[in-house]
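**Student:** Structure incoming, see below.
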């Protein structure tokens with residue numbers, strides 16, 4: 001029987017080194033990964049100007065750039081806009097004249113996609129198509145645009161007990177979120193193959209680090225633990241993820257922008273596999289060392305809850321291609337990265353509390369039985 005799943009993306013090689021684009025339009029730049037990417041670019045690339053185009057949804061961090069040094073602020077602009085709206089994107093392209101678009105804009109939480117799948121289709125699929133269409137138009141007019149699309153390992157589905165996702169792994173998404181990202185990946189490849197648009201694509205493993213919205217596992221655990229609330233663990237806690245520090249991911253994208261071959265896909269992973277339960281236990285142990293509870297251990301707050309529908313059992317990324325062909329390596333070990341992350345959240349408890357009180361109270365999402373209010377598109 002013919003396999004009904006999409007064919008794998010084309011293999012890649014190393015392209016010639018090119019100067020880093022000096023004018024980057026970063027969509028979704030106020031989200032978790034976008035914030036860390038923009039801060040890295042501004043700090044390390046003094047010739048580069050950045051336009052952050054973001055809708056400032058519930059997960060946006062509008063104050064994440066307030067502490068930039070004056071020189072970096074002079075190379076940073078912000079425009080509030082929605083990637084689903086062609087006039088918004090056209091105005092940004094026209095005024096900024098980008099040499100590169102780095103697309104982080106997405107609805108990204110699996111549990112929310114179970115409750116409200118159409119929001120993910122609108123932003124992740126139709127919004128990406130809108131960006132691609134305008135990038136092609138500007139490229140055809142004599143202003144070549146490099147379009148880099150940031151995706152996820154969840155497009156590949158679930159692994160067994162062994163093996164890792166490679167760039168030639170078949171797509172087999174399980175959740176509405178993963179399916180919407182898989183669709184956008186194929187659109188990016190289609191715009192390269194059909195129209196000749198210069199594109200690159202990266203599929204990353206689970207990111208962690210500063211500025212992550214506390215609906216995701218690590219900041220949710222830390223926020224609940226610091227507040228003395230139960231720490232929810234889905235199912236038996238045996239689901240395995242491959243963890244990547246967000247700063248390493250940001251460096252990988254810069255490497256791809258310089259060295260990536262047009263049309264290529266690169267898997268970016270931290271070689272940090274861990275079960276969810278073991279991860280939560282490690283976080284509790286670090287917290288107990290750095291900010292001990294006087295009468296009990298943070299592990300006592302762990303509470304097992306019913307599993308997520310369609311919960312993939314294991315993800316693991318093989319980053320061999322980007323390591324071998326482009327020379328990128330993850331700089332954070334999982335132990336050092338988790339410790340640094342815990343320290344960051346301990347020093348930003350006011351930020352956590354504000355979100356918990358005003359934006360997201362930690363309630364369980366993803367039951368699939370109700371549709372939450374529609375939020376604007378993420379970027």
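A short reminder: the numbers here are calculations on the coordinates, not readings from a lab. The shown structure was predicted, so the numbers you read here are calculated from the model rather than taken from an experiment. Glycine also receives a Cβ, built like all others from the backbone with ideal geometry; neighbour counts cover every protein chain displayed.
**Student:** Can you sort 274, 201, 170 by how many other beta carbons sit within 10 Å, fewest first?
**Tutor:** With the sparsest Cβ surroundings first, the list reads 170, 274, 201.
**Student:** If you don't mind, there's one more thing I want to ask. Output the 0 to 90 degree angle, nearest 10, between the alpha-carbon long axis of helix 246-259 and the longest principal axis computed from the alpha carbons of the chain.
**Tutor:** The helix 246-259 is inclined about 20 degrees to the chain.
**Student:** Can you tell me the length gained on complete extension of the stretch residue 335 to residue 126, counting 0.36 nm per residue apart and subtracting the Cα distance?
**Tutor:** Extra length from residue 335 to residue 126 when fully extended: 71.4 nm.
**Student:** Give the order of 26, 41, 48 when sorted by the count of other beta carbons within 10 angstrom, beginning with the fewest.
**Tutor:** Sorted ascending by nearby Cβ count, the order is 48, 41, 26.
**Student:** If you don't mind, there's one more thing I want to ask. Can you pull a Stokes-Einstein diffusion coefficient for segment 226-300 at 25 °C (0.890 mPa s), Rh from Kirkwood over Cα pairs, as a whole number of µm²/s?
**Tutor:** The diffusion coefficient I find is 162 µm²/s.
**Student:** Using a Gaussian network for the chain with springs between C-alpha atoms less than 10 Å apart, which of these wobbles most: 44, 205, 275?
**Tutor:** Sorting by GNM fluctuation, first place goes to 44.
**Student:** So if we plug the beta-carbon distance of residue 86 and residue 190 into 1/(1 + (r/R0)^6) with R0 = 25 Å, what FRET efficiency do we get, rounded to 0.05?
**Tutor:** That gives a FRET efficiency of 0.85.
**Student:** Run the simple label-point estimate for residue 161 and residue 23 please: 7 Å along Cα→C-beta, distance reported in nm.
**Tutor:** Roughly 5.6 nm, to one decimal.
**Student:** Expressed as a rounded percentage, what relative contact order does segment 222-323 have, with Cα pairs under 8 Å and six or more residues apart?
**Tutor:** 47 percent
**Student:** Cα gyration tensor of segment 235-345, axes a ≥ b ≥ c as square roots of the eigenvalues: rounded (a/c below 1.5), prolate (a/b > b/c) or oblate?
**Tutor:** oblate
**Student:** Roughly speaking, what is the stretch gain from residue 140 to residue 275, that is 0.36 nm per residue apart minus the C-alpha to C-alpha distance, in nm to one decimal?
**Tutor:** Extra length from residue 140 to residue 275 when fully extended: 43.9 nm.
**Student:** A follow-up question, please. Taking the Cα atoms only, what angle lies between the long axis of helix 334-346 and the longest principal axis of the chain, rounded to 10 degrees?
**Tutor:** Tilt of helix 334-346: around 80 degrees.
**Student:** Right, next: Normalised by the number of residues in segment 15-116, what is the relative contact order in percent for Cα pairs under 8 Å and 6+ residues apart?
**Tutor:** Relative CO of segment 15-116 lands at 37 percent.
**Student:** Here's something else I'd like to know. Nearest 5 is fine: what % of DSSP beta bridges in the chain come out antiparallel, could you say?
**Tutor:** Here the antiparallel bridges make up roughly 10 percent for the chain.
**Student:** Next up: So how do 153, 312, 67, 295 line up by other beta-carbon neighbours within 10 Å, fewest first?
**Tutor:** Final ranking by Cβ density, sparse to dense: 295, 67, 312, 153.
**Student:** Follow-up. Where does helix 86-96 land angle-wise versus the long Cα axis of the chain, in degrees 0 to 90, nearest 10?
**Tutor:** Roughly 70 degrees, rounded to the nearest 10.
**Student:** Using Cα-Cα distances under 8 Å and only pairs 6 or more residues apart, what relative contact order does the chain have, in percent?
**Tutor:** Relative contact order here is 24 percent.
**Student:** Further, regarding this structure: Would you calculate the separation in nanometres between label points at residue 97 and residue 77, each defined as 7 Å from the Cα along the Cα-to-beta-carbon direction?
**Tutor:** Each label point is offset 7 Å from its Cα along the Cβ direction, giving 1.1 nm.
**Student:** Given 0.36 nm per residue, what is the gain on full extension from residue 346 to residue 304 after removing their alpha carbon distance, in nm?
**Tutor:** Here the answer is 12.7 nm.
**Student:** Given points 7 Å out from each Cα along the Cα-Cβ axis, report the residue 258 to residue 324 separation in nanometres with one decimal.
**Tutor:** So the two model labels end up 2.2 nm from each other.
**Student:** For segment 211-237 and segment 293-362, what is the separation of their Cα centres, given in Å?
**Tutor:** 8 Å
**Student:** Further question: Return, for the Cα atoms of segment 175-278, the radius of gyration and Dmax in Å, separated by a comma.
**Tutor:** Rg and Dmax of segment 175-278, Cα atoms, are 17.0, 54 Å.
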